[in-house]
Amino acid sequence: MKQIFPSTITGPSFAEGGSVLDHNFGAGEPYTLGVEEEYMLLDGDTLDLVQHVEAVLAATEGHELEPRVNAELMQSVLEIATPVCSSPAEVDRELRKLRSYVTGIASEKGMRVGSAGTHPFSLFERQRITARDRYRHLVDQLQYIARRELIFGLHIHVAVDDAEKAVKVVNGLLAHLASLLALSASSPFWRGEPTGLASSRQMVFAAFPRSGPPPRFRDYADYAEVVGQLEKTGCIADYTHIWWDIRLHPRFGTIEIRVCDAVTRVEDAVALAAFCQALVKLYCERHAVGAEIPSYHRILTTENKWLAARYGLEAPVMDLERGTRNRVPVAQLVRRTLDELEPHARELGSDRELEGIREILARGNGSDRQRRIWNANRDIVEVVREIANATEAAAVPA
């Protein structure tokens, strides 16, 4: 993962044998954003994955955007990372610039670029691992679990100005995992087969250790003690080897929302960034006035997340906030959340971008679009072509 937030550590020191991690919360402006997207590198003719990330990276050398483009675990995956953005509108500009740049490089080399949670028909057995020590060590540790990880995600960072506040905000965000996954789900195919799931990516990644919803921590010291134990005992090299759906990123001073599938339309990525930013602001302000931030047992949030992975925007989820005995459509919860978020989005100047969430609800998510293409004539290659067309169209400024 390329660095998108400052690396200087300004927080408390991590004393030997202590339980406090260095952190960067409060080092910058709150609610700034950083977005990472993982793209497929596709053969221009067959639309199968190709192992050419090194050729793309070589073409970026010396360009101003070189630091924003990086390799991932497999040589058929390309990751981009925006700089720190003050608003979702700036995220929109940066994502379009980066999509345009990497699409142009790929085109010159006979390739195309696609963004979705899984490639509909490529096989993980045919993918080569990127020649980096981090990825070799990962495969050595996780074996088949890592080799099977042919999936693509969208990660959204939101800066928070206080470590204790960040812990409480993460606890509050757990209730929204199902909404975030349902809105972004774009992986209904795996190995050329329709899986019956809106997000097959979630099922693949669930095999990873230290994944899924995070536990609820009491405070930052509680978090630091748990992570410090994993680091000191050598179970993990550092906290970035914890792959929870939402995690603290102390070095960046951000909350990182990782549950989302990679989305095809750039408008959807921007809308999700606006949604996450406004959610973080909502819970930060509740914390500031001493209001309770409700959190729920991991079994309950995991069950709702599973329902979203299975059914997408039609998921019948538990209404944890109201505790009703009946389940409700996840889209209903999203609309209710939007009503809460709209005043915060206006204060952030992102109400127009947040409106993109209502557009996703109206036209469907990426999984819905892929299924419509598939149902027309059962042509899996045409599904990938639609993904590439929409990804590359998003490189054109709005």
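The values are calculated or read from the model by the stated rules, or taken from the named source; none is laboratory data. Since the model is a prediction, treat every value here as computed from it, not as a measurement. Virtual Cβ from ideal backbone geometry, glycine too; neighbours counted across all protein chains shown. With ligands, DNA and RNA removed, areas are computed over all heavy atoms of the protein, side chains included. Shrake-Rupley method; radii C 1.70, N 1.55, O 1.52, S 1.80 Å.
Looking at region 158-178, is at least one residue part of a strand (DSSP E or B) and either open to solvent by less than 10 Å² (accessible area, probe 1.4 Å) or of a type outside the set (S, T, N, Q) (or both)?
Checked against the condition, which is being part of a strand (DSSP E or B) and either open to solvent by less than 10 Å² (accessible area, probe 1.4 Å) or of a type outside the set (S, T, N, Q) (or both), region 158-178 yields at least one hit.
Does ALA395 fit the bill of being modelled with pLDDT under 95, within 18 Å of ALA262 (Cβ to Cβ), out of contact with any Asp or Glu (no Cβ under 8 Å at 6 or more places or on another chain) and surrounded by 13 or more Cβ atoms within 10 Å (Cβ to Cβ)?
Yes; evaluated as a whole, the condition is true for this residue.
What strands (runs of 3 or more DSSP E) lie completely within region 209-327 and have 2 or more residues being open to solvent by 40 Å² or more (accessible area, probe 1.4 Å), over 24 Å from GLU36 (Cβ atoms) and not β-branched (Val, Ile, Thr)?
Filter on region 209-327 gives 316-318.
Give me the residue from region 18-56 that is open to solvent by 10 Å² or more (accessible area, probe 1.4 Å) and of a type in the set (Asp, Glu) and, out of that set, farthest from THR391 (Cα to Cα).
Among them, the one singled out is ASP22.
Looking at region 107-132 only, could you name the residues that are open to solvent by 100 Å² or more (accessible area, probe 1.4 Å) and either among the hydrophobic types (A, V, I, L, M, F, W, C) or assigned to a helix (DSSP H, G or I) (or both)?
Across region 107-132, the qualifying residues are GLU108, GLU125, ARG126.
Give all pairs with beta carbons closer than 7 Å in which a residue from region 202-216 that is touching a residue at least 24 places away in the same chain (Cβ under 8 Å) and under 18 Å from ALA308 (Cβ atoms) meets a residue that is among the charged types (D, E, K, R) and open to solvent by 50 Å² or more (accessible area, probe 1.4 Å); count only pairs at least 6 apart in sequence or on separate chains.
Listed by first residue and then by second, the contacts come to VAL204/ARG148; PRO213/ARG298.
Please pick out the residue among LEU354, LEU333 that is among the aliphatic types (A, V, I, L, M), in contact with a strand residue (DSSP E or B) (Cβ under 8 Å, 6 or more places away or on another chain) and buried (at least 23 other Cβ atoms within 10 Å of the Cβ).
Unique residue meeting the criteria: LEU333.
Are there any pairs, at least 6 apart or on different chains, whose C-beta atoms fall under 9 Å, with the first in region 104-115 and on the phi > 0 side of the Ramachandran plot and the second among the aliphatic types (A, V, I, L, M) and surrounded by 13 or more Cβ atoms within 10 Å (Cβ to Cβ), and if so, which?
GLY110/VAL50
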